[in-house]
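Below is one structure, written out as C-alpha cells; the observations come after it.
The values are calculated or read from the model by the stated rules, or taken from the named source; none is laboratory data. Because the structure is predicted, anything quoted here is derived from the model rather than measured. As a convention, Cβ positions derive from the backbone with ideal geometry for all residues, glycine included, and neighbour counts pool all protein chains shown.
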Amino acid sequence: ELREQRIRVGVLKSKLLKLSNDKKTPDAVKKLADDLLTVSDQLVRRSVWLIGGDGWAYDIGSSGLDHALASGRNINVLVLDTEVYSNTGGQMSKATPTAATAKFAYAGKRVGKKDLALQAISYGNVYVAQIAMGANPQQTLLALREAEAYPGPSLILAYSHCIAHGIDMQKGLQQQDLAVASGYWPLIRYNPALRQAGKNPFVLDSPRPRIKLKDYAYNEMRYKILTRTNPQEADRLMELAQELTDLRWKTYEEMAMLGAKDFAPVA
C-alpha cells in the first residue's frame, strides 16, 4: 500500500514539476503547482515510532507516554525493557522485578513490577503486545506488523537482555526463551480491531509455564547475588516473585478466554 502510494505521489510530482517548468503555463497555475510540490510528500502516510527504555516508559516519562497513548493518534511506541536504567548505570526502575537486585535495590526489590501492558489495555483503543525475540521471533514480527497496521496508538514491550542482568550476553536470547518458559514474560497481543469485529481482542501466544521462575532467574547475577549475601531473604523474595508470576499468568489466561464484550469498547 505504501509503495503504491509513493509511486502515485511520484507521478504527481513529475506532472507538477512539468507544469511549473512549462513556459506556456500561466503564472497562477505555476504558483499552485509549486505550492502543491512543497506538500505532496505529505500524501504518503507516515509511520511514526517512538523508541525508549523502561526508565523512560515506566518512570520519568510515564506521564508523557500515557498522554501519547490516550491521544488516540496513530503512533507506535516500542519499549526496550531491560528492567533497569541501562544508560545511567543499572539503577532500579518501576520495571525492575521482585527479588532482583539493582542500584537502589541492593537488598532485592520488594515491590512488584508495574504491569504497563494492562495499564494500556484499559484504554480499550490501544494496540498492546509483549514480545521476546529469543522465544518466538514469529510472534515478534507479527506484533510489529499488526502495530504498524493498526490505525491508532500502539505499545510494544520488548524483553531486552542487558549486561546489567549479570549474564553472558552471548546467551541473551536463551534467557529470553527461559523468561517466557517460566511464565515471567507472557507473550501477548491485544488488538482493538478484533474487539470491533466481535472477537476476543486478547491473545495469549505463549504456552503455560514449564519451568519454575528460579530456573530462569538464577542464571542471572542480579538475582543470584542475593543468595550469597542474604540467602534467607533471597528465598523469601523468590517465593514472592513466583506467586506474582503465577498470579499474572492466571490473569492473562483468564483474559484470553473472555468474550469481546468483556473488554472496553472502541470508540
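For this structure, a couple of remarks:
- Condition met for Val39 (β-branched (Val, Ile, Thr), surrounded by fewer than 12 Cβ atoms within 10 Å (Cβ to Cβ) and either assigned by TED's automatic domain parsing to the domain that holds Ala117 or under 33 Å from the mean Cα position of the chain (by Cα) (or both)): yes
- Lone unmet requirement of (1) modelled with pLDDT of 95 or more; (2) surrounded by 15 or more Cβ atoms within 10 Å (Cβ to Cβ); (3) part of a helix (DSSP H, G or I) for Val77: (3)
- For the criterion of being touching a strand residue (DSSP E or B) at 6+ places or on another chain (Cβ under 8 Å) and among the charged types (D, E, K, R), Asp54 passes.
- Residue within segment 163-180 that is in contact with a Pro (Cβ under 9 Å, 6 or more places away or on another chain), closer than 24 Å to Gln242 by Cβ and buried (at least 20 other Cβ atoms within 10 Å of the Cβ) present: yes
- Among the residues listed as Ser47, Ser14, Ser62, the single one being touching a Leu at 6+ places or on another chain (Cβ under 9 Å) and modelled with pLDDT of 90 or more: Ser62
- For segment 183-200, the set of residues classified as surrounded by 21 or more Cβ atoms within 10 Å (Cβ to Cβ) and either touching a helix residue (DSSP H, G or I) at 6+ places or on another chain (Cβ under 7 Å) or not assigned by TED's automatic domain parsing to the domain that holds Thr88 (or both) consists of Gly183, Tyr184, Trp185, Pro186, Leu187, Ile188, Arg189, Tyr190, Asn191, Arg195, listed by residue number.
- Residue in segment 123-138 that is farther than 21 Å from Pro192 by Cα, assigned by TED's automatic domain parsing to the domain that holds Ala193 and free of Cβ contacts under 8 Å to residues at least 24 places away in the same chain present: yes
- Remark: pairs (first residue in segment 77-91, assigned by TED's automatic domain parsing to the domain that holds Ala143 and more than 22 Å from Trp49 (Cβ to Cβ); second residue part of a loop (DSSP other than H, G, I, E, B) and of a type outside the set (S, T, N, Q); Cβ separation under 9 Å; 6+ apart in sequence or on different chains) = Val84/Gly90; Val84/Ala95; Val84/Ala100; Val84/Cys162; Gly90/Cys162; Gln91/Phe104.
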